[in-house]
Amino acid sequence: MSSNSLYLGNLPPHWDDESLRLFVNDCGEACVSAHVARDHVTQLSRGYGFANFVDAASAERARAHLNYEARDGRVVRVMPRQVDPSIRRSGSGNMFVNNVDEGVTHKELHAFFESAVGSVLSVRIPTSRGTPKGYAFVQFANRADAEKAMEMAKAGALVLHDKALVVAPFKSRAQRLASRKYTNLYVKNIPVDWSEERLLDLFRPFGVVNSHAFREISLGGSARRFGFVNFETHEQAKAALQLHHTRPEGVPESEPPLYVQQAMTKTERERFMSRKLEEKRRQRYLETRGRNLYVKNVALEVSEERLHELFSQHGTVQQCKLHTLPDGTSKGVAHVLYATKEEATNAITALNNFELEGKRLFVALHQIKEDRLRQMAERNSRRMAASAMQSQNAMMMAARGNPAAMQMLMMRQMMMRGMVPGGAGGAGGAGGAGAGGAGGAGAGGMMPPMPMQPGYGPGQMMGGPGGMPPHMQMGAATAGMPHPGMAPPQPTAAATGPTPASSGVAPPPPVGAADQESQLVRELAALPEDDRKNKIGEMLYPKVEALLSSSGQGDKAPKVTGMLLEMDFNEAFALVDDDSALAGMVRQALEVLAQQGSA
């Protein structure tokens, strides 16, 4: 798989972009950029990152040197980056390998499968407190090699450290749970005066009981019994679940009913209880949404009874809970549940910022974590939009009276619309006054200014001298130029000399066409703006740098890439597969940079 971009997984959680860059530079290859992926809201590391190199050969040498290197207690996995998310999520070539000896290392297992089967992208050996768990996950480059590994394992041809490896297709946890068949049941709340035979008589009507085990423990001064019943088949065990929450004949009402469920390991039980509690929490939230208030900044001397009395003045309080520490000290936080949404709204209006015991209360509707994070993301987006508008206004003010800066601004606006100065077909010459010409604004007047990226100011449109724009941490650029039905842009004569009309640059098909509605486009469109630019940038930057390096101008790649990334998403994405259009836009950007430098 030829790629000049690498994926690095299992990174230490405290690593930042600089830590990743230093790690990558250990290989001795020229790293163009390195970036640690972070959560859009919390900004915490996601545990993986990307590194871009000059060419695919450099990336492959870096991968060979860095793969499975141990850093800060973690084994870093390195593999070529796969841009298409549909391929990543398909699980094609991903295999589960069991019966792996504890002494086997990542590199050893990787080398073993490459020599015995075929190309391997990545190997992961899970551990528990530093000790291997005895199994691994192997990602093959293609499905054929994965199937070959399964066939060889079935024939006993894959033996490592005197252990025959077992190879099977990887299944996610959800798939495993959905297809799992069990025969073992856990039983509790068994009457202490019952014999084993009487208990087994309850289960025998459902099938053959292979084995059973019952225990009695003393808890809180009273005896309690529990046990396990194992059936011959999964269907029999499933049928026996009918006994759950039943009270057999002769058991008094004061005794709890039988508890009969699938036997689970401790880890499975914790996950099950966690899911159950989460479902109850969400159900409770949906039932009380709009009526449940969150109150904070409550003075420590305020009691729950006093809060209840205060909030009861504005409606019927069904529940008032003041949260406290184990020693009974107030946390200063409470929840108040009203009978109706109208009463809750009235309480917010009346009591938010209300002074109680010298402290002003904060009263708002209760929200679960997911809703709070979503609102935070929306606020961040609005804040970035406002910052972009301020930057745009500052740029327009700075460009007044500076012809070179104004021309550069116009160039960016035209790129967004898929137009460039000096286009063919009667659009006006480089300095003409025709529609779309560099010296004119077209029939409709001057185009609206294009918002800049947050953090840009006058003189920082391209990220500063020799630097990348903030959103170019991954280094990349893009540009898809013409809109549907619009003639493709042509480079100006000043930049490239006379260009024949039959240049062969054809407009790409409409972005909304069926052949372009791919999974990748949908995934990119769903991302936040900054992340989307990062993704497109990662695909375009190597191409831009290659074009410029051939003419000895590789140092301008970051600036040119930043210019292209200011284009509309659809136009920018179209440049990924249109080398001719990309070359034309790169030439136009160079012309603007040259004019700016001579101003």
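The values are calculated or read from the model by the stated rules, or taken from the named source; none is laboratory data. What you see is a predicted model, and the numbers here were worked out from it, not measured in a lab. Neighbour counts run over all protein chains shown; Cβ positions are idealised from the backbone, glycine included. Ligands, DNA and RNA are stripped out before the accessible areas are found, and what is left, the full protein with its side chains, is counted by its heavy atoms. Shrake-Rupley method; radii C 1.70, N 1.55, O 1.52, S 1.80 Å.
Some observations on this one:
- Rolled with a 1.4 Å probe across the full set of protein chains, the surface gives H314 an accessible area near 50 Å².
- By accessible area with a 1.4 Å probe, ligands and nucleic acids excluded, highest first: order of K107, K154, K369, K535: K154, K369, K107, K535
- The modelled label-to-label distance between F354 and V83, using points 7 Å beyond Cα along the C-beta direction, is 5.8 nm.
- Residues F214 and L365, FRET efficiency given R0 of 41 Å [Cβ-Cβ distance, rounded to 0.05]: 0.20
- Reciprocal of mean inverse Cα separation for the stretch 62-117 (Kirkwood radius, Å): 13.5
- Calculated translational diffusion coefficient of the stretch 324-380 (20 °C, 1.002 mPa s; Stokes-Einstein with Kirkwood radius over alpha-carbon pairs) equals 157 µm²/s.
- Potential lengthening between M150 and R289 on full extension [0.36 nm per residue; Cα-Cα distance subtracted]: 44.9 nm
- For V560, the solvent-accessible surface computed with a 1.4 Å probe is close to 0 Å², ligands and nucleic acids excluded.
- Base-10 log of normalised Debye intensity for the stretch 182-249 (one unit scatterer per alpha-carbon) at q = 0.12 Å⁻¹: -0.30
- Cut-off 12 Å between beta-carbons: net charge of the residues surrounding L365, Lys and Arg +1, Asp and Glu -1: +3
- A 1.4 Å probe run over the stretch 1-61, with the rest of the protein chains in place, finds 45 Å² accessible per residue.
- Measuring only protein heavy atoms, the 1.4 Å probe finds T349 accessible over about 110 Å².
- Remark: the E196-E278 segment gains 25.9 nm on full extension, using 0.36 nm per residue and subtracting the alpha carbon distance.
- Measure of compaction for the stretch 117-267 (Cα Rg per 2.2 N^0.38 Å): 1.50
- Rounded to whole Å, the principal axis extents of the Cα atoms in the stretch 222-286 read 40, 34, 24, largest first.
- Cα gyration tensor shape of the stretch 277-336, rounded if a/c is under 1.5, else prolate or oblate by comparing a/b with b/c: oblate
- Per-q log10 I(q)/I(0), the stretch 228-342, q = 0.17, 0.18, 0.20 Å⁻¹ (Debye; single scatterer per alpha-carbon; no solvent): -0.93, -0.97, -1.08
- Its convex hull of Cα atoms gives the stretch 9-79 a direction-averaged projected area, equal to a quarter of the hull surface, of 4.4 nm².
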